[in-house]
Amino acid sequence: MHPKEFHTRFLLLDSPEELSGADAALLASARQAIGMSYSPYSRFKVGAAARMVSGALVQGSNQENASYPAGICAERTLLSVAATLYPGEPIDTLAITYQGEGSSDVPITPCGICRQSLSEFQARTGKPMRLILRGATGPIWVFEDAGALLPLAFGAGDL
Ligand SMILES: [Zn+2]
């Protein structure tokens with residue numbers, strides 16, 4: 001028997017002032033994308049913004065549906081837009097933020113299915129993507145590789 005362990009490392013920032021100007025602008029863009037959320041059922045609005053390696057910006061927001069499983073998260077909306085507008089181009093950094101009906105002072109992380117989609121997007125474009133996570137206020141979490149959120153990910157090589 002050989003016990004194995006995973007360790008996840010991320011940066012904890014106290015305020016946007018600790019981000020680079022480009023990262024702060026990306027987080028602001030994600031915040032702005034909340035306004036495009038269609039979330040009449042959960043009233044939980046999520047906004048995302050990505051900076052492609054070329055510097056182009058892409059936004060996404062959650063889009064719900066009366067048939068609940070037909071809804072799609074902000075992250076996967078964004079990945080679809082990015083892959084359509086910039087086929088094959090890696091994402092350098094992805095910022096995700098949200099606004100529920102209550103306070104939003106703690107970062108949220110992508111759901112399980114989005115972690116899977118982020119993992120495959122990284123694999124197919126050949127570059128790890130940074131994640132910047134924040135609520136409306138409060139601390140910021142920065143992951144240097146979205147893959148850190150899904151150890152032992154299932155991927156194309158497993159088929
Ligand atoms: Zn999700």
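If you take the residues of region 23-65 that are basic (Lys, Arg) and not in a strand (DSSP E or B), which of them is nearest to residue 131 (Cα to Cα)?
31
Kindly provide the set of residues from region 42-74 that are within 15 Å of the ligand (Cβ to nearest atom), surrounded by fewer than 22 Cβ atoms within 10 Å (Cβ to Cβ) and among the hydroxyl-bearing types (Ser, Thr, Tyr), ordered by number.
42, 68
Can you tell me which residues in region 75-108 are modelled with pLDDT under 95, of a type in the set (S, T, N, Q) and surrounded by fewer than 15 Cβ atoms within 10 Å (Cβ to Cβ)?
Result: 103, single match.
On the given criteria, is residue 156 modelled with pLDDT under 95 and more than 13 Å from the ligand (Cβ to nearest atom)?
Judged against the criteria, residue 156 is a match.
Cβ-Cβ distance below 7 Å, separation of 6 or more or different chains: which pairs start in region 75-98 with a residue that is within 16 Å of residue 28 (Cα to Cα) and within 16 Å of the ligand (Cβ to nearest atom) and end on one that is part of a loop (DSSP other than H, G, I, E, B) and among the hydroxyl-bearing types (Ser, Thr, Tyr)?
98/104
Pull up region 103-131, narrow it to residues that are touching a strand residue (DSSP E or B) at 6+ places or on another chain (Cβ under 7 Å) and closer than 12 Å to residue 145 by Cβ, then point me to the one that is farthest from the ligand (Cβ to nearest atom).
Filtering region 103-131 for residues that are touching a strand residue (DSSP E or B) at 6+ places or on another chain (Cβ under 7 Å) and closer than 12 Å to residue 145 by Cβ, the one farthest from the ligand (Cβ to nearest atom) comes out as 130.
Working only within region 20-50, note down all residues that are over 12 Å from the mean Cα position of the chain (by Cα) and of a type in the set (Gly, Ala, Ser).
20, 21, 22, 24, 25, 28, 29, 33, 35, 37, 39, 42 - these are the residues of region 20-50 that are over 12 Å from the mean Cα position of the chain (by Cα) and of a type in the set (Gly, Ala, Ser).
Between 138, 112, which is surrounded by fewer than 16 Cβ atoms within 10 Å (Cβ to Cβ), closer than 22 Å to residue 15 by Cα and small (Gly, Ala, Ser)?
Unique residue meeting the criteria: 138.
Give just the number: which of (1) surrounded by fewer than 20 Cβ atoms within 10 Å (Cβ to Cβ); (2) touching a residue at least 12 places away in the same chain (Cβ under 8 Å); (3) more than 16 Å from the ligand (Cβ to nearest atom) does residue 38 not satisfy?
Result: residue 38 fails condition (3) only.
The values are calculated or read from the model by the stated rules, or taken from the named source; none is laboratory data. Keep in mind it's a predicted model, so treat the numbers as computed, not measured. Virtual Cβ from ideal backbone geometry, glycine too; neighbours counted across all protein chains shown.
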